[in-house]
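Everything on this sheet refers to the single structure shown next.
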Amino acid sequence: MEKKILDWENIGFSYIQTDKRYVSNYKDGKWDDGALIDDPNIVMNECAGVLQYAQTVFEGMKAYTTEDGHIVTFRPDLNASRMVDSAKRLEMPVFPEERFVDAVVQTVKANAAYVPPYGSGATLYIRPYMFGINPVIGVKPADEYQFRVFTTPVGPYFKGGVKPITICVSDFDRAAPHGTGHIKAGLNYAMSLHAIVTAHANGFDENMYLDSATRTKVEETGGANFLFVTKDNKIVTPHSSTILPSITRRSLMYVAEHYLGLEVEERDVYFDEVKDFAECGLCGTAAVISPVGKVVDHGKEICFPSGMEKMGPTIQKLYDTLTGIQMGHIEAPEGWIKVIE
């Protein structure tokens, strides 16, 4: 399929409509067969469950072109599994995992012309999501749901090179104990908007959220997990029941241990020890790893030895190895790469 003519390096991270999207409807206790459609618009009742009570979950992933010309995506089975957990928590019907992966494959194939060429730094972002669609006025789960997948090409995250970011300790809480912080639900992101706008207004790139119970332990940012590197080169990531289980973070921890031979540890990370780490990064689908150069706690600065000019050496190795696996330069563990065409 001939590629679309786009300015791949300058398209940024915004919605660009592609040709097809996948839709399946849940009614009378079962999902229909699903299909690819042309229309990007959704028609629903004004009282739809998603509009009244935010009953919606979603996933984010990417497809890209490898050096040998294949279109692939990265560990979609884990996205499928995570959406199952999210749906169960919000009392939504589970969309079967094998159908989730098949829907992703169908949608990417149908929009193959929008998958950026190898070497452009751009990717095709994939957004599977599900929501309650029938009228609901009492506070209860919807009876009917829609599962959809759309795609949109996005530009390279680090346009012009990687620069470590500055983050602040947030005065807001991201998630309550025993709440919904561990699932990928729209409501979690809605509540983070005021916090991130406030951070930006104060000159910071992101927030560092502490645990809401004691405000002594590092949790995550609004959309990424933390990775820390100790001065003796151990990889440490926070453990918490209210952290979203990042697929990128889990993959990086595996890479650290099995490809780079580093010691890894998932544990409580107390804010008091952040000053003792050598490097810090935020990991997620969009950037893989964004290096953090400085954390500001109400005027008090914590500056990591890795500095504000480039990624620290260990985080750079993690980034290079995982992106090398994704792009086909480095052999992937079995099952990590799903070849679409």
Inside segment 112-137, can you point out the residues that are open to solvent by 10 Å² or more (accessible area, probe 1.4 Å), within 22 Å of Ile16 (Cα to Cα) and not in a strand (DSSP E or B)? Tyr114, Pro117, Tyr118, Gly119, Ser120, Gly121
Looking only at segment 289-308, which residues are in a loop (DSSP other than H, G, I, E, B) and over 26 Å from the mean Cα position of the chain (by Cα)? His298, Gly299, Pro305
Suppose we filter Glu98, Glu91 for residues that are closer than 30 Å to Lys140 by Cα, out of contact with any helix residue (DSSP H, G or I) (no Cβ under 7 Å at 6 or more places or on another chain) and not in a loop (DSSP other than H, G, I, E, B); which single one remains? Glu98
With among the small types (Gly, Ala, Ser) and at pLDDT below 95 as the only criterion, which of Gly132, Gly160, Gly186, Gly138 stands out? Gly160
Please specify each residue of segment 212-233 satisfying the condition of being over 20 Å from Gly281 (Cβ atoms) and either in contact with a Pro (Cβ under 6 Å, 6 or more places away or on another chain) or not polar (S, T, N, Q) (or both). Ala213, Arg215
Look at segment 200-221 and say how many of its residues are over 12 Å from His182 (Cα atoms) and in a loop (DSSP other than H, G, I, E, B). 12
Enumeration of residues in segment 201-239 that are more than 19 Å from Asp297 (Cβ to Cβ), open to solvent by 10 Å² or more (accessible area, probe 1.4 Å), under 20 Å from the mean Cα position of the chain (by Cα) and free of Cβ contacts under 8 Å to residues at least 60 places away in the same chain: His239
Restricting attention to segment 55-88, which residues are buried (at least 17 other Cβ atoms within 10 Å of the Cβ) and in a loop (DSSP other than H, G, I, E, B)? Gln55, Glu59, Arg75
Filter segment 154-174 down to the residues that are touching a helix residue (DSSP H, G or I) at 6+ places or on another chain (Cβ under 7 Å) and over 18 Å from Thr323 (Cα atoms), then identify the one that is most open to solvent (accessible area, probe 1.4 Å). Phe172
Of Lys159, Lys163, Lys140, Lys109, the only residue that is basic (Lys, Arg) and in a helix (DSSP H, G or I) is Lys109
Take the conditions modelled with pLDDT of 95 or more, more than 30 Å from Val108 (Cα to Cα) and of a type in the set (Asp, Glu) and apply them to Asp171. Does it pass? yes
Across segment 18-31, what is the number of residues that are open to solvent by less than 60 Å² (accessible area, probe 1.4 Å) and not polar (S, T, N, Q)? 6
Return the residues of segment 312-341 that are closer than 24 Å to Pro245 by Cβ and touching a Lys or Arg at 6+ places or on another chain (Cβ under 9 Å); say none if nothing qualifies. Gln326, Gly335, Trp336, Ile337, Lys338
Testing Asp320 on (1) open to solvent by 30 Å² or more (accessible area, probe 1.4 Å); (2) closer than 18 Å to Tyr118 by Cβ; (3) in contact (Cβ under 8 Å) with a residue 24 or more places away in the chain, one condition comes back false. Which one is that? (3)
Any chance Thr107 is surrounded by 19 or more Cβ atoms within 10 Å (Cβ to Cβ), over 17 Å from the mean Cα position of the chain (by Cα), closer than 30 Å to Met327 by Cβ and of a type in the set (S, T, N, Q): yes
Residue by residue through segment 89-104, note down the ones that are open to solvent by 20 Å² or more (accessible area, probe 1.4 Å) and aliphatic (A, V, I, L, M). Leu90, Val94, Val101
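The values are calculated or read from the model by the stated rules, or taken from the named source; none is laboratory data. In this text, all values refer to a predicted model and were calculated from it rather than measured experimentally. FYI the Cβ positions are ideal-geometry reconstructions off the backbone, even for glycines, and counts take in every protein chain you see. These area figures cover heavy atoms from the full protein model, side chains too; ligands, DNA and RNA do not enter into them. Shrake-Rupley method; radii C 1.70, N 1.55, O 1.52, S 1.80 Å.
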